[in-house]
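Every read-out reported here was derived from the displayed coordinates using simple, explicitly stated rules and does not represent laboratory data. These numbers were taken from a predicted model, which means no experiment stands behind them. All Cβ positions, even for glycine, are placed from backbone atoms using ideal geometry, and neighbour counts span all protein chains on display.
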Amino acid sequence: MRKKTFCLAGGVLSLLFLFSGCALFLVGAGVGGGIAISKDTIEGYFDQPIDRVWKASREIMMQKGFIKLEDKGHGEIQGESEKSEVKIEVFQVSQKTVRVRVKARKSYKLVPNLDLANDIYNKIFHKLE
């Protein structure tokens, strides 16, 4: 019994160690299937046409700052806002579902700016409601 408890505790500690650097959680969303948050990226899913999601993402990026590069074929919008580099990825996951990732980093791309990424994602989300 004691050996079983020790093995179980060791397994739990191992899992905690493996997943400690990955702060990922899901929150339900009205338009999307949820949002995933990591150190510098907000990700969500929308049941909308990809062209509509692309257009909304582009408009929000232009409102928040300016676009440096856009590649609709690869689903990438890169820009700058609030002295941070912003990257928005729009990707067709299935026939009905589109994934949007917003990544923001400041200080020569060294420091995550999760507040800005979250703000941009929320503006896209509200535009698509």
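Each residue of the range 76-90 is assigned a 3J(HN,Hα), and the resulting list reads 10, 10, 10, x, 9, 8, 6, 6, 10, 7, 10, 10, 10, 10, 10 Hz, derived from the Karplus form 6.51 cos²θ - 1.76 cosθ + 1.60 (θ = phi - 60°), x at Gly and Pro. Whole-Hz Karplus values for the range 113-118 come out as 10, 5, 4, 5, 4, 5 Hz, taken residue by residue from phi with 6.51 cos²θ - 1.76 cosθ + 1.60 and θ = phi - 60°; glycine and proline positions read x. Listed by chain and number, the lysines placed with their C-alpha closer than 24 angstrom to that of LYS123 are LYS39, LYS55, LYS64, LYS68, LYS72, LYS83, LYS87, LYS96, LYS103, LYS106, LYS109; residues fewer than eight positions away on the same chain are left out. The chymotrypsin sites (Phe, Trp or Tyr not before Pro) of the range 32-129 meeting both criteria, a DSSP state outside H, G, I, E and B (loop) and at most 10 other C-beta atoms within 10 angstrom of the site's C-beta, are TYR108.
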